[in-house]
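Scroll down for the structure; my scribbles are underneath it.
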Amino acid sequence: AQAPDERVTYGADANQFAELRVPSGAGPHPVVVLVHGGCFKTYGSFADLSAVGDALKERGIATLNVEYRRVDQAGGGWPNTYLDVGNAVDHVRSLAKPHRLDLSRVVIVGHSAGGHLAMWAAARSRVPPGSALFMTTPLAVRGVVDLAGPLVLTTNIEGYEALCRDRVITNVDVLESDYDGVQ
């Protein structure tokens, strides 16, 4: 992978950062927010999708390759892992003007656990107030691509945790109550 054009932070924690890649040209450039997988744990990292960011940049698409706090890190887990991804997506707003990004053409792509987080981030406008996941004025995205990520974690807990070879879904009651009405 090539070096990113800029490393940006969207929070105070060491894991709240992203790599920004911006193609040459006047823009405004469409944007893909990349969300890595790794069973919601430190099995994976933003580096897993750096080559995807490079390939998209070569095709005229800016990327924000997101790192976030995972369940096996301080501050990670429910609800902060989700909120980190949401805050990273919203951070595209502050990058738009200086980097010639087109806020009307933002797509989120996530792989595995990142696919689940990408689907959630794209649907944030439907999260009800009062939910631990509620965020005011989430950035509207044009689309989302879920690459092998589970949509609803409570559907196949045994299978997902077998794939990850570890317990990763620990609070089913909270998950089910926060997803009521969001489907």
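The values are calculated or read from the model by the stated rules, or taken from the named source; none is laboratory data. For clarity, every value in this text was computed on a predicted model and none was experimentally measured. As a convention, Cβ positions derive from the backbone with ideal geometry for all residues, glycine included, and neighbour counts pool all protein chains shown. Keep in mind that these areas ignore ligands, DNA and RNA; they rest on the heavy atoms of the full protein, side chains included. Shrake-Rupley method; radii C 1.70, N 1.55, O 1.52, S 1.80 Å.
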For G130: the one exception among (1) at pLDDT below 95; (2) open to solvent by less than 50 Å² (accessible area, probe 1.4 Å); (3) not hydroxyl-bearing (S, T, Y):
(2)
From the option list R69, R100, single residue qualifying as in contact with an Asp or Glu (Cβ under 6 Å, 6 or more places away or on another chain) and either touching a residue at least 12 places away in the same chain (Cβ under 8 Å) or of a type in the set (V, I, T) (or both) is R69
Anything in segment 50-70 that is polar (S, T, N, Q) and either surrounded by fewer than 20 Cβ atoms within 10 Å (Cβ to Cβ) or assigned to a helix (DSSP H, G or I) (or both)? List them, or say none.
S50
Residue list for segment 145-156, restricted to those being under 22 Å from A47 (Cβ atoms) and either open to solvent by 40 Å² or more (accessible area, probe 1.4 Å) or modelled with pLDDT of 95 or more (or both)
V145, D146, L147, A148
Within the set of pairs 6+ apart or on separate chains, which have a first residue in segment 117-134 that is closer than 19 Å to R70 by Cα, a second that is surrounded by 15 or more Cβ atoms within 10 Å (Cβ to Cβ) and of a type in the set (D, E, K, R), and C-beta atoms under 8 Å apart?
A118/D146; M119/D146; A132/D178; L133/R124; L133/D178
Of A96, A118, the only residue that is open to solvent by less than 40 Å² (accessible area, probe 1.4 Å), in a helix (DSSP H, G or I) and within 21 Å of D13 (Cβ to Cβ) is A118
Go through segment 10-44 and give me each residue that's farther than 26 Å from E58 by Cα, among the polar types (S, T, N, Q) and either buried (at least 23 other Cβ atoms within 10 Å of the Cβ) or at pLDDT 90 or above (or both).
N15
